[in-house]
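J.: Have a look at the structure that comes next, please.
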Amino acid sequence: MKLLLVLGSDDTYNLISLYVKPLGFELIRYHHVLKAMDNIDETDPAGIIISARDFPRHWKTMVQFVRSERPKDACPIIILKGDNFPLEETSKAFFLGVSGIVSETLDNSSEVDRLQGILSRYMPVDEKRRTRRYHAENWQRFNFIFANPRDQILITGEVKTISSGGLSFLPDHANLMKDVNLNTELTECSLRAGSVILSPVCRLARTGRIVSMEFLSFQDNEQDILDKYIESLPLKELKYKELPTEVEPVEEPASSP
């Protein structure tokens, strides 16, 4: 299915693609609203995301144009809002037929969940299962480390969120990443999921205080191993919460990545 992105910012495009590509969409991007409107029949998108920050006047025109022929259940429209998006604009957006509004920075888990939740209503159940993003907790035992391709220095940090398609990561020393460019392919990575050590090839999909990695490939059957571990997390969480508070969960022996 095609997802039409009307965005002026390359950084926003890279960020959005990190969270929506795993849902199975083919991404089509336009830098100009009028051009996107001219080609709406040709692209025939299953959904639309448009930045109100980049197009503060024209996003309403596009919503009205799309809704004249495509109802909500046929084509959801999501507005990306910036810091200056007053309540009156929110009310107007929903009156015009917008399906949802999320922060353009996607700087917290609830915004990411809202974005994926709106789109996942129109996706097969199997895709919803595979792309759920979990907020990493200590008991889940997720760790990630990779080598800077320029100098081979190991970069460690804290996994913040993870899905079968990628993860977000808070580096321990941000200065070690200053020469790692966006979209760099990282071939020397190590990911611990529970007691298993995996070796994904990753792409740096977002820079900043918290960086995002997209999994490009795994060795052998490692993708299946990660998928099964992520699928098991809800049951593991129930068992973990049933432990007495004074008892620490027993960890299986495993080497650190």
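Read the figures in this text as sums done on the coordinates, not as results from a lab. Values in this document were obtained by computation on a predicted structure and should not be read as measured data. Virtual Cβ from ideal backbone geometry, glycine too; neighbours counted across all protein chains shown.
J.: I'd like the Karplus ³J(HN,Hα) series for the range 101-106: coefficients 6.51, -1.76, 1.60, θ = phi - 60°, whole numbers in Hz, and an x wherever there's a Gly or Pro.
T.: Running phi through 6.51 cos²θ - 1.76 cosθ + 1.60 with θ = phi - 60° gives 10, 9, 5, 5, 7, 6 Hz.
J.: Taking the Cβ of Ile79 as the centre, find all other residues whose Cβ is under 12 Å away and add up their charges (Lys, Arg: +1; Asp, Glu: -1).
T.: It works out to a net charge of +2.
J.: Report the charge-dipole magnitude of the chain in Debye, nearest 20, computed about the Cα centre from +1 at each Lys and Arg Cβ and -1 at each Asp and Glu Cβ. Walk me through the numbers on the way to the answer.
T.: Working: 31 positive and 38 negative charges, 146 e Å.
With Lys and Arg at +1 and Asp and Glu at -1, about 700 debye.
J.: Suppose the Debye formula is applied to equal point scatterers at every Cα of the range 133-234; what is log10 I(q)/I(0) at q = 0.20 Å⁻¹?
T.: For the requested q values the scattering log ratios are -0.98.
J.: If you don't mind, there's one more thing I want to ask. Please tell me which of these pairs span more than 22 angstrom C-alpha to C-alpha: Lys21/Lys81; Lys160/Lys236; Lys35/Lys60; Lys72/Lys228? Display every interim value, and only then the final one.
T.: On the way: Lys21/Lys81 20 Å; Lys160/Lys236 18 Å; Lys35/Lys60 15 Å; Lys72/Lys228 34 Å.
Beyond 22 Å between Cα atoms: Lys72/Lys228.
J.: If each residue of separation counts as 0.36 nm, what is the full-extension length gain between Lys2 and Thr184 once their alpha-carbon separation is subtracted? Mind showing how you got there, number by number?
T.: On the way: separation 182, 0.36 × 182 = 65.52 nm, distance 2.54 nm.
63.0 nm is the gain from fully extending Lys2 to Thr184.
J.: Still on this structure: With a ≥ b ≥ c taken as the square roots of the eigenvalues of the C-alpha gyration tensor of the chain, please select rounded if a/c is under 1.5 and otherwise prolate if a/b is larger than b/c or oblate if it is not? Present the calculation step by step, with values, prior to reporting the outcome.
T.: Values: a/c = 2.13, a/b = 1.71, b/c = 1.24.
In terms of gyration-tensor shape, prolate.
J.: Taking H placed 1.01 Å from N in the peptide plane, check which residues at least 5 places from Val6 or on another chain put their amide H under 5 Å from its amide H.
T.: Residues meeting the criterion, in which the H sits 1.01 Å from N, are Tyr30, Ile49, Ile50, Ser51.
J.: Residues with beta-carbon under 10 Å from that of Asn143, excluding Asn143: net charge, scoring Lys, Arg +1 and Asp, Glu -1?
T.: +1
J.: Can you tell which of Ile225, Thr156, Ala193 lies farthest toward the positive end of the dipole of the range 133-234, using +1 and -1 charges on the Cβ of basic and acidic side chains (Lys, Arg; Asp, Glu)?
T.: So the residue we want is Thr156.
J.: For Ile210, what is the net charge nearby, where nearby means another residue's Cβ is under 10 Å from its Cβ and Lys, Arg count +1, Asp, Glu -1? Please list the in-between numbers first.
T.: Working: positive: Lys160, Arg206, Arg209; negative: Asp107, Glu158.
Charge balance near Ile210 sits at +1.
J.: Is the range 2-122 best put as rounded, prolate or oblate by its Cα gyration tensor, with a ≥ b ≥ c the root eigenvalues, rounded for a/c under 1.5, and otherwise prolate when a/b is larger than b/c, oblate when not? Spell out each step's value before the answer.
T.: Details: a/c = 1.25, a/b = 1.06, b/c = 1.19.
Judged from the Cα gyration tensor, the range 2-122 comes out rounded (a/c under 1.5).
J.: Quick query: amide H of Leu27 versus all other amide H atoms, modeled in the peptide plane; which residues come in under 5 Å with a sequence gap of 5 or more or a different chain?
T.: Leu3
J.: If I take the Cα coordinates of the range 7-72 and project them onto the principal axes, what are the three extents in Å, biggest first?
T.: Projected onto the principal axes, the Cα atoms of the range 7-72 cover 30, 24, 19 Å.
J.: Still on this structure, please answer the following. For the chain, calculate the relative contact order in percent as a whole number, restricting contacts to Cα pairs under 8 Å that are 6 or more residues apart.
T.: Working: 425 pairs, mean separation 34.2, N = 257.
13 percent.
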